[in-house]
Structure formats: C-alpha cells, structure tokens
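Laboratory data are not the source of any read-out in this text; all were calculated from the coordinates shown. Being a predicted model, the structure only gives us computed values, none of them experimental. No Cβ is skipped: glycine too gets one built from the backbone with ideal geometry, and neighbour counts run over all protein chains shown.
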Amino acid sequence: MTNKQRDILCSAVFLVFGTAMFYFSLGIAHKIESDVGSAYVPKFIAICILIVSSAKLLLTLRDHSASGKKKDAAQNDWLGGLGTIGLMMAYMLALQPVGFILSSIAYLFAQIMLMSNRENRKPVLFAVISIALPIAVYGLFNYVIKMPLPRGILGF
Amino acid sequence: MEMFSVAIGNVFNPACLALIWAGTMLGIIFGSIPGLSATMAVVLFLPMTFSMEPTMGLALLVGLYMGGISGGLISAILLKIPGTPSSISTVFDGGPMADKGQAGRALGVGILASGIGSLIGIVALIFISPLLAKVCLLFSAADYFGVAVFSLTIIASLSGKDMLKGLLAGLLGIALSMVGMAPVDAELRFIFGNYQLMAGFDITVLLIGVFAVTDIIQAGLNRRHLADGFEKKKFHLKGYGLSVKEFITQIPNFLISSVIGIAIGILPGIGGSTGGLMAYTAEKNRSKYPEKFGTGIIDGVIASETANNAVIGGSMVPLLCMGIPGNTVAAIFLGGLTVHGISPGPLIFDKSAQYVYGIYLALIVSTIFMVVFERLGLPIFAKLLDIPKHILLPIIMVMCCVGAFSSNSRVFDVQCVLVFGLIGLVMKVFKMPTTPLIIGFILGPMFEENLRRALQASHGSWSVFVTRPICCAFLIAAVVFCTWTVRNNLKAKKIAETQGQSFDTAEEEG
C-alpha cells in the first residue's frame, strides 16, 4: 500500500466512523432543561471527526507527491499475524468456560510454537513453561494477592 | 508536616521499600528488553496494586516507571537498540562508545545521569506542584474546558508529523470515553443494549490493548525476524566510569538537560523520547566540539539520559495538580490514583497530602535504588537481553489478560483488550500516533463535563469561554499552537518536495 492509498483509506474509515457516531448520537435523550444535553458533545465530536477526516482526504487527493514507495506486503508474515489474533480470540473465549489454568496452558504452548522457528523450537521446554507459568500465576493471584482468576471446569 | 511524617511512616517500612525495590528492578528489566517498555511494565502491574494500601500500590508503580525509563539505556548501549523509546538518543553516542570498547563507561555514565536527572525532576515536582495547585484553585469549569482544549491540541500537534492524524486519534479517544454513562445527567450512550458497557471502558483495559496486545500481534506478523540475533557488546566497568573532574565539567549539561526534560514532561502528551532528543540537540548546539557528537562521547549519553529521567518529575506536575497526564505512563498513574480514591486536582494537597508526599518519597527512594542496583546488577540485566522473544511475548500476553481481568473481575474486559489491540494495530497500519488516543480518552470526560457545567452556569451563553481570561488565554494558545504547527508542517513538506523526497507522515512517538 502506498502512503497515498493508506491515507485515503484512513480518511474513509474515519468518515464512516464519524457518520455512524453522529447517527447514533441523534437517539440520545435530553434530560435536564438548563443543560445542553448528553447528545451535544458526541454530535460535536462526530462533526469534528467528519471535518478533520474530510480535510485529510482532500489534502491527500490533491497531493501528488504523497504517492511514496510501495511497501513490500510480503515482509509481513500474515500467517503469524492472523494466527496470533486467532489464538488470542480462542483464548479469550475459552477463559470463562474452561478456566484460567487450562486455557492459558493451551494458549501459551500454541502461541510459543507459532512464534518459534525450526531452529529454536523446543517443545518439551515450551510445554514445561506453558504448564508452570499459569499454575504459578493462578496461585499468586488466588492465594497471595487474593484476586481470584476464572476457575472454569476444573473448579479450583 | 503531620501528613509528611505519616508519609515517612508509610514509605519507610520494609514492605513498602521492598515493593519500590522490586518495582525498580522489574522496571529496569522491562525497560532494557527491546519490545517491552516502561508503559507496558506499569500497565501490567497496575491491577496488582488494586488490593494494596494506596502508598504501597503507588510506590510499586513509581519504581516501575523510574526503572523502566532508565533500563532502556542498557540495550541502547549494548545492542544499539533503544529498550524504550525514551532511550532513542542514547544510542547516538552510547552505541559508538560501545564500538570503541567503552560500553562499560557509557553504561555507568548513563545510570548516573539517569539518577541525577530523576532527582532534579523530583525537586522541580516538589516545588512547582504546590504553586501550580494554588493557581489552579482559581480555575472555573470554563477554564478547565480551555485547558482540556489546549492539551488536546498540543498532543495532536506534537505526537506525530501529521497533525490531522494526531487530531483524529485524539477525537477517537474522546469518542471511546463517551461509551457508557454521560457526566452531569448519567444518560446511557453508545451501549447498544450491552449492559457490560454501562460503566464505560476501563483505562487499564484500553492501555493494555493499545500498548501491549498491539505489539504482540505485530510480533506475530514479524515472527520470522523475532530470533534475529544482535551483536551484544561486552563491557567492563569500574565505579560509574566518570572522574570527579569530568563530573564537574558536565554540571551545566546535567542542569540544562534536566530543565529541558522537566519542561517536556510538563507539556501534555509528549514523553521521554522527545525530551532526550531535544536535550541532545541543545547540548550539541551548546558544545565547543559539536562535531564529536555521534562519535561516542559521554556528553551525548548524559544529555539524553538526564533529560528522559527528568521527564518523570515533570510529567507528574500537571497530573497531580490538574489530573492531566504529561505522558502515557503518567496516564496509567492517573488510573492508579483514582482506583485508590485519590482525586488529582488543586485540592490534592489538602485532601490527600500524605499520598502526595508518599509519591515524592517513593520517587526519591526509587532513584537511589536505581542508581545503586542498576549498576550492581548490570551483568544480570545484560544477560536478560538474551531471553528469547518467542517465549517472552506469549507470557506477556497471558499477563495482559490477567491484568485486564483483575481490573474489574470480568472476562468482558479481557475481550475488550483484544478489540483495543486490533484498533491499535489498525492505527499502526495507518501510521497514526496512539498517545493522543489515550490522552483524548482521559481528557474527554473533563472536556465534556466542564463544557456542560460552564454552559449551565452561564445559562447557555458561549461568551463565558471568551470573557474568562484564563479560558480565553488557553483557547488563544491552542489556536496559535495549531497555526504554528500547520505552518511548520507545510514548510517541512515544501523542503522535502524541493529536495525530491516524499514527505512521509509516519508517526514518531515517545
């Protein structure tokens, strides 16, 4: 993506966001007579977003020097990025039903395996770390700091 | 005085001293490992302080902040990679010094400079805060509105090369702060039928998402290069590597760099990296031998490290007196203060004096611990640079989830962390600075509440913002600052165009 394409996309996203924010602000009730109301500032901020993003869009479209160099998209490892996001999502969804210890063990092991490469992959070491750390953190929070973490199916 | 003796009792007990020591050491570790930062350290440990006595909790955060900023110099010198953004300018001379076989001397001088910068910053904090608090007592709702507008403008302008993107990030932060109950009338906004959103988003959750989760996702995108080794320099050091004569000749450098750091710290939204860079440039311009800067001289290391640590004291001034954080770490502190029922503002010296004095004392103790133990533990901290990132980052992610969960004991916050992490990622793709987002999120409620209260008091008349001299002055300053930044940006762009270069709007964040 060139600098110009990136800035156009950025402005477009904020134009949509500003429009949506303004639309949803219309439904906010006005409670106190002497007050400008709770919809006032959201509408004002939405309008500011629309003005600033429009200005950014116009400036970017008018600017012929902003095309810049195309960044090599292949530099990014999309499997690693999307895999990380997927693992995080699965971890956060499993946290409540499965519990902190089991979900953290599974997440840690999978994430470390995903981030490692052939040369530094040591599954036994990774497994030991993945099991020991969640148990230690659970113990610290549950028994020392007295701030219980999700228990899940194991019930402890 | 009575409050001061209470604070002494609270800080100078074994448990609190141990927490300051642990915080400082952990901060140094987080600061020294590239990819982790002072902000991340304070964010991750903030939830653990919730159950502590206020002074103890704040003392831990103080230690993490102090150690985190200073720790960056270790990798800046040994690996030529700044451990935290604050140490960017330390690389300029610290790196070449290491190349010349003076890595130990650079480290020693850097640690000493960090300590001196911190102490001068703390002295400034102790003297400036009560004076500023007295001035702030005169502020009305309209004046606070003016301060909020000025702060938002300055943040948007200074936190990146592209002011419009900075403004958009700040506005997004304000928009996020509006989710949940509105100030003044408690009307529910933007909750879309989800009762979990009634209380709005927690600042800790936003910070963990934007500063930690985003970085971990980026590491996933960059996983092929995570194991890339960097050549680590060996070091040998006696004392702090600085003779008494050299120390005396560097006194003006210490003082000027500290003043620059304090001033940058007081200005909202800009952090240690800008402070370090400005002090480095100022010292270079002042020097009799500017051509030697960048070749490996102690002057550059001292300027950078003194200034970035002096920022700490400076950033606490507007935080304590007005509730406006000087930078992102101070923003997390604000969360820490409010969790413990301490409301920052001009009355803080009357209502929570013992905690304010506690913070001062913790800062001083942490500085001493940092100077002594960072020096003694150098071999260990250097060794920790070898911890593989593919193991460290997933562990940090688990700690992020623990931190987010403990802020309100609900899994919903953990899920929000991922959402904010993705928002942070999109902002990085768009090359938008993230600091304005955080400061906008904090200043949003202040902006709205004071605007509405001022208009209520003036029966809806907008003239109140012009007739109140303090508010009017801040609004004029905001306009002047905006115009000045736009002019400078256009000038820089013109120069870039005449030189045939494309003007990249990429962020440069502290």
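Annotations
- Above-threshold pairs, the threshold being 27 Å between Cα atoms, out of B:288/B:383; A:43/B:491; B:165/B:232; B:80/B:389: B:288/B:383; A:43/B:491; B:165/B:232
- Its Cα centre serving as origin, chain B has a Cβ charge dipole (Lys and Arg +1, Asp and Glu -1) of approximately 960 debye.
- Prolate is the label for the range A:3-73. Its Cα gyration tensor axes, ordered a ≥ b ≥ c, give a/c of at least 1.5 and a/b above b/c.
- Sorting B:399, A:113 by the number of Cβ atoms found within 10 Å of their own Cβ, with the fewest placed first, yields A:113, B:399.
- Phi-derived couplings, Karplus 6.51 cos²θ - 1.76 cosθ + 1.60 at θ = phi - 60°, listed residue by residue for the range A:37-42: x, 6, 8, 4, 5, x Hz, with x used for Gly and Pro.
- Farthest toward the positive end of the dipole of the protein assembly as shown, out of A:78, A:128, B:263, is the Cα of A:78, where the dipole comes from beta carbon charges about the Cα centre.
- This model, with +1 at the C-beta of Lys and Arg and -1 at the C-beta of Asp and Glu, gives chain A a dipole about its Cα centre of some 320 debye.
- Lysines whose Cα lies under 20 Å from that of residue B:351, excluding same-chain neighbours fewer than 8 positions away: B:134
- ³J(HN,Hα), Karplus 6.51/-1.76/1.60, whole Hz, each residue of the range A:94-105, x for Gly, Pro: 7, 3, 6, x, 8, x, 5, 5, 5, 5, 5, 4
- Applying 1/(1 + (r/R0)^6) with R0 = 41 Å to the Cβ-Cβ distance of residue B:486 and residue A:31 gives a FRET efficiency near 0.55.
- Placing unit charges on the Cβ atoms of the charged side chains and taking the dipole of the range A:3-73 about its Cα centre, the candidate lying farthest along the positive direction among A:50, A:27, A:60 is A:60.
- Tilt relative to chain B, helix B:14-32 - C-alpha long axis, 0 to 90 degrees, to 10: 70 degrees
- The range A:80-133, relative contact order [Cα under 8 Å, separation at least 6], %: 37 percent
- Here the translational diffusion coefficient of chain B follows from Stokes-Einstein with Rh set to the Kirkwood radius across Cα pairs; for 25 °C and 0.890 mPa s it amounts to 106 µm²/s.
- Ranking of B:162, B:350, B:202 by count of other Cβ atoms within 10 Å, fewest first: B:350, B:202, B:162
- Ranked list, fewest to most other Cβ atoms within 10 Å of each Cβ, for A:56, B:288: B:288, A:56
- Relative contact order (%) - criterion: Cα under 8 Å, at least six apart; region: chain A: 22 percent
- For the protein assembly as shown, the Kirkwood hydrodynamic radius comes to 25.6 Å, computed from all pairs of different C-alpha atoms.
- Remark on the range B:36-149: ratio of C-alpha radius of gyration to 2.2 N^0.38 Å is 1.39.
- 21 Å Cα-Cα threshold exceeded, pairs from A:56/B:494; B:431/B:493; A:4/A:56: none
- Relative contact order, percent, chain B [alpha-carbon distance under 8 Å, six or more residues apart]: 29 percent
- The range B:261-304-the range B:1-46 distance, computed between alpha-carbon centres (Å): 26 Å
- Cα-derived Rg over Rh, computed across the range B:425-479 with Rh taken as Kirkwood radius: 1.15
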